[in-house]
Structures are given as structure tokens and as C-alpha cells.
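A quick write-up on the structure given underneath.
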Amino acid sequence: MKDREFVSVFRSSKKSDTYIFVRRGQKWEELPESLRSIFGTPVHSMDLVMTPERKLARSSGEQVLKAIEEKDFFLQMPEEQDSYVVDFRTKPGMNHS
């Protein structure tokens, strides 16, 4: 794994809160077709120097660099949250027993 890598970050045009990190200059067509079809059109967000020590919202620089080294990309998906589930069969404040 490199000590640092210049990476580009793109957001998905199809999936909310989904990002892909790639080496700067990476050709989109060289990434797996299945990934490209699910991700949609990449929308450039930023370029940055990634180091193993860099802290990101949902991962670390080390995770990103390892993934880029192994498969040429790091895919960041939104966190699943149970709070989105609402039981509409009961009135607010009623017990579920």
C-alpha cells in the first residue's frame, strides 16, 4: 500500500449518499460493468491526497488506499438506519404488546 495517493471522489447519479473513490485519472470504462451500471453517471465531488492516517466520515484513509490497490476503487455506501422503519399499524405512543 502506498503512503499516499491522489484520488478523485465521485457521487452516484442513481444512489443517494453513495460515493466512489478512485485514483485520479482512472478511466471510468476500466471499472467493472456491474459497478458502473448500478452507480450511474459519476458526478465529480473533489480531489484529495489520501494517506492511511486520513479520517473520513465512514471509513479511514487506510481502508480507501487498500481497496484502491486491490480493485482500483473504494465504494462508500450509505449507512443503513433502523430509524427509518415506522410501524403505521399503531398510533404513536401505543405499546406494541
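What do you reckon, is Ser83 within 17 Å of the chain's Cα centre (by Cα), loosely packed, with under 10 Cβ neighbours inside 10 Å, at pLDDT below 95 and small (Gly, Ala, Ser)? For Ser83, the condition - within 17 Å of the chain's Cα centre (by Cα), loosely packed, with under 10 Cβ neighbours inside 10 Å, at pLDDT below 95 and small (Gly, Ala, Ser) - is not met.
Condition first: surrounded by fewer than 15 Cβ atoms within 10 Å (Cβ to Cβ) and of a type in the set (S, T, N, Q). Can you find one or more residues in segment 29-38 that meet it?
Yes.
Condition (residue is open to solvent by less than 80 Å² (accessible area, probe 1.4 Å), at pLDDT below 95 and more than 13 Å from the chain's Cα centre (by Cα)) applied to segment 50-69: is it met by at least one residue? No, segment 50-69 has no match at all.
Please indicate, with yes or no, whether at least one residue in segment 11-22 is among the charged types (D, E, K, R), surrounded by fewer than 10 Cβ atoms within 10 Å (Cβ to Cβ) and at pLDDT below 95.
no
The values are calculated or read from the model by the stated rules, or taken from the named source; none is laboratory data. None of these values were measured; they are calculated from a predicted model. Every residue, glycine among them, receives a Cβ derived from its backbone with ideal geometry; neighbour counts consider all protein chains shown. Just the protein is used for accessible areas: all its heavy atoms, side chains included, with ligands, DNA and RNA removed. Shrake-Rupley method; radii C 1.70, N 1.55, O 1.52, S 1.80 Å.
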